[in-house]
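Beneath this line is the structure, given in C-alpha cells, with notes to follow.
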Amino acid sequence: MASCSEDGLAIKQISGAQFQAAATSMAMDGKVQLLLGVSLLELALVIAMNRVVVKREQPVYNFEMVYQEYREFMSKHTSVSVELYSKPVAFKV
C-alpha cells in the first residue's frame, strides 16, 4: 500500500510490527550480537575482563587476574543467582 506525500512522492506504509523489527535491528550493537549466545559464566568472565582492564588502565591481563576479579565480584554480590564456578571449570570455558 502506498500513499502520496505533499511533494508528490509515494510513501510505502509499514505495519507497527515491521517498524519495531527494523528499529530493533538498527539499535542492536555488534558487540551485543556477539554476546547473545554466551552462557552466564562466559558473560561473567567477559565482565570480569573488562573490570580488570578498567581498574588497571592497561589492556594486559591473564586468566588468573580475570578469575580473581570474578571471585571478588561473586563474593561481594551474594544475591546474584549465578553460582561461583571453580577455576578448572571456568578455565575450560
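What to note about this one:
- For Gln33, the requirement of being at pLDDT below 85, part of a helix (DSSP H, G or I) and loosely packed, with under 13 Cβ neighbours inside 10 Å is met.
- Selection count, the stretch 15-30, where residues are under 30 Å from Asn50 (Cα atoms), at pLDDT 70 or above and part of a loop (DSSP other than H, G, I, E, B): 1
- Residue match in the stretch 52-72 (condition: aliphatic (A, V, I, L, M), outside any loop (DSSP other than H, G, I, E, B) and modelled with pLDDT under 90): no
- For the stretch 2-14, the criterion of being at pLDDT below 85, out of contact with any Cys (no Cβ under 6 Å at 6 or more places or on another chain), among the hydroxyl-bearing types (Ser, Thr, Tyr) and not in a helix (DSSP H, G or I) is met by at least one residue.
- From Lys92, Lys55, Lys87, residue being loosely packed, with under 10 Cβ neighbours inside 10 Å and charged (D, E, K, R): Lys92
The values are calculated or read from the model by the stated rules, or taken from the named source; none is laboratory data. Only a predicted model underlies this, so the values are computations on that prediction, with no experimental measurement involved. Quick reminder, even Gly has a Cβ in these numbers, built from the backbone with ideal geometry, and neighbours come from all protein chains shown.
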